[in-house]
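The values are calculated or read from the model by the stated rules, or taken from the named source; none is laboratory data. This structure is a prediction, so every number in the text was calculated from the model and none was measured. Here the Cβ is made from the backbone with ideal geometry for all residues, glycine too, and neighbour counts use every protein chain on show.
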Amino acid sequence: MTSLHEGRLITRHEGPTRAHWWILAIVSGAQLMVVLDSTIMIIALPSAQHTLGFSNNERQWVVTAYTLAFAGLLLLGGRISDMVGPKRTLMTGVVGFALASAIGGAAQSTSMLIGARALQGLFGALLAPTVLSLLTSTFTDPRERGRAFGIYATIAIGGSAFGLILGGFLTEYVNWRWCLYVNLPIAALVIFGAFTMIPERGGNPAVRLDVQGVILGCGGLVALVYGLGQAGADGWASTGVIAPLVIAAVLLAGFIVWQSRGPHPLLPLRVLRNRNRAGSFLTIMLSIIAMFGTFLFLTYLLQTVDHYSPLKTGLAFLPLLALNGLAATQLASRLLPFVQTRFLVVPGLLLAAIGVALLTRLTPDSAWVTHILPTELFLGLGLGIALVPCVSTATNNADPNDVGVTSAMTTTSQQIGASIGTALLNTIAASATATYLASHPGGGKVATAATVHGYATASGWAAGILVLAALLAALLINADPGQNEATTGGPVLLEI
């Protein structure tokens, strides 16, 4: 079938055109900014702390201010994308993200840096769901969709590891502030590409924003992460932990009730009634809890126990990055059109669980080659195989009015996982370290052994979370290649 557009004859066809792949490159650049900033500041934190003089407690908020704002506002970003259209939303998000990065790079105080990180999260919540929305609507052929989502998943997972490498390089050879300034040239390229290559697509003016849902949902997440983070210092039975966790439970329960009754729900519960989609969201969240906690442990282990430089610490993650990319693009994306989803997800998660479980054998004398490299290989391979089909299944065949919010919920699952993983597993590690110190009095060597014991204990919990994710995926996800092919929607006209 053909169509006349501005005097040119454009042919409808099922396969992707060069313009499709340019769109993939543009949105991948936007996604890279978002993912880099989840981890790039982790290695830079000691230098930033020395410059600005913030406390260890404030240091945590440099990371979680970003992930919490991101997670709490992503669903709103998805609704805004549905309302005004993906191109406008993407460009607004990228511009705002760049400005927030510039403010953070120039920060002269702790509050200025934390505020800038929260602003990054806010604008990231605008652009991230648009990325998935554009991918979903651009790539409908099963094979090409699998390849596109393989590239997306490589950036989504491997970009976190690359953020550690880049953060180490910039911190050691330039300045920690460039861990934020680096977003400016990426943003400039994305803005230019989006303006010239992405077709304008109108939004749905009937969509309305759910402010009450934002307050309940975002407030509940902040209270949850705050309570989990305080447990390491105050103990699980303290008022400072119980009170925010109770508040979180009340607010999140209120959020669910409101979504079922509100006139313009932020997260229509019909999105979650699809068994495959709900199972994919849950699996993604649990996987990222374990992954992000493991990244945090390895970063601090390498720098504080093994005394690696920032750059050497980042480079130590290269095997994970490389194997993850190969698994996502060469295994999962190629098998996705032919293999039932659970037969990719479950084995992948179990491989990742084996890798993380190896960290339970950590000692202060553990070598990178014998104790950390095997973990990286198993984790990179396992999550590369598991998360490609999860992301594809979560976003496949969404109602046209819910494409943005469905895409947002996929990324929300990742950011909630990152926030909870940072707070929960760090708390478990801190508690195990304190218990070890109480029963092993001594000097510096004991303190080091206690720290490593805390990481090993928390790694056991992370491995258990991955096994739980595999079990839930086996029970909930039953999508097969035939379902994916049945929803391709026929030929596509891309206006260029």
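Could you tell me whether segment 366-375 includes any residue that is in a loop (DSSP other than H, G, I, E, B), touching a residue at least 60 places away in the same chain (Cβ under 8 Å) and under 21 Å from the mean Cα position of the chain (by Cα)? Scanning segment 366-375 turns up no residue that is in a loop (DSSP other than H, G, I, E, B), touching a residue at least 60 places away in the same chain (Cβ under 8 Å) and under 21 Å from the mean Cα position of the chain (by Cα). If I filter segment 290-298 for residues that are touching a residue at least 40 places away in the same chain (Cβ under 8 Å), over 27 Å from C218 (Cα atoms) and in a helix (DSSP H, G or I), do I get at least one hit? Taking every residue of segment 290-298 in turn, at least one turns out to be touching a residue at least 40 places away in the same chain (Cβ under 8 Å), over 27 Å from C218 (Cα atoms) and in a helix (DSSP H, G or I). Checking the stated criteria, V271 turns out not to satisfy the condition of being of a type outside the set (S, T, N, Q) and surrounded by fewer than 19 Cβ atoms within 10 Å (Cβ to Cβ). Would a scan of segment 136-144 turn up a residue that is over 12 Å from M33 (Cα atoms), surrounded by fewer than 23 Cβ atoms within 10 Å (Cβ to Cβ) and modelled with pLDDT of 90 or more? Checked against the condition, which is being over 12 Å from M33 (Cα atoms), surrounded by fewer than 23 Cβ atoms within 10 Å (Cβ to Cβ) and modelled with pLDDT of 90 or more, segment 136-144 yields no hits at all. Failed condition for T171, given (1) within 30 Å of S81 (Cβ to Cβ); (2) in contact with a Cys (Cβ under 8 Å, 6 or more places away or on another chain); (3) among the β-branched types (V, I, T), with all others met? Condition (1) is where T171 drops out. Of the listed requirements (1) surrounded by fewer than 23 Cβ atoms within 10 Å (Cβ to Cβ); (2) at pLDDT 85 or above; (3) within 20 Å of the chain's Cα centre (by Cα), L52 misses just one: (3).
Residue by residue, here is whether (1) within 20 Å of E58 (Cα to Cα); (2) assigned to a loop (DSSP other than H, G, I, E, B); (3) without any contact (Cβ under 8 Å) to a residue 60 or more places away in the chain; (4) under 21 Å from the mean Cα position of the chain (by Cα) holds:
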| residue | (1), (2), (3), (4) |
| --- | --- |
| G167 | yes, no, no, yes |
| T171 | yes, no, no, no |
| P185 | no, no, yes, no |
| A188 | no, no, no, no |
| F192 | no, no, yes, no |
| G220 | no, no, yes, yes |
| A223 | yes, no, yes, yes |
| V241 | yes, no, yes, no |
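Of the residues screened, R117 is not one that is among the charged types (D, E, K, R), surrounded by 23 or more Cβ atoms within 10 Å (Cβ to Cβ) and farther than 27 Å from L228 by Cβ. So for segment 216-228 (the condition being more than 23 Å from L135 (Cα to Cα) and of a type in the set (V, I, T)), does at least one residue qualify? Yes, some residue in segment 216-228 is more than 23 Å from L135 (Cα to Cα) and of a type in the set (V, I, T). Residues in segment 397-430 that are at pLDDT below 85 and over 19 Å from the mean Cα position of the chain (by Cα): N397, A398, D399, P400, N401, D402, T427, A430. State whether the residues of segment 70-89 include one that is without any contact (Cβ under 8 Å) to a residue 24 or more places away in the chain and aliphatic (A, V, I, L, M). No, segment 70-89 contains no residue that is without any contact (Cβ under 8 Å) to a residue 24 or more places away in the chain and aliphatic (A, V, I, L, M).
Among the candidates A357, A386, A367, A322, which residue alone is touching a Gly at 6+ places or on another chain (Cβ under 6 Å) and either under 19 Å from G454 (Cα atoms) or of a type in the set (G, A, S) (or both)?
A386
Applying a threshold of 9 Å to beta carbon distances and a minimum spacing of six or more residues, or different chains, the list of pairs starting in segment 16-38 at a residue that is free of Cβ contacts under 8 Å to residues at least 60 places away in the same chain and over 30 Å from L296 (Cβ atoms) and ending at one that is surrounded by 23 or more Cβ atoms within 10 Å (Cβ to Cβ) and aliphatic (A, V, I, L, M) reads W21/A148.
Of the residues making up segment 174-203, those that are surrounded by fewer than 13 Cβ atoms within 10 Å (Cβ to Cβ) and either of a type in the set (K, R) or at pLDDT below 90 (or both) are F195, T196, E200, G202.
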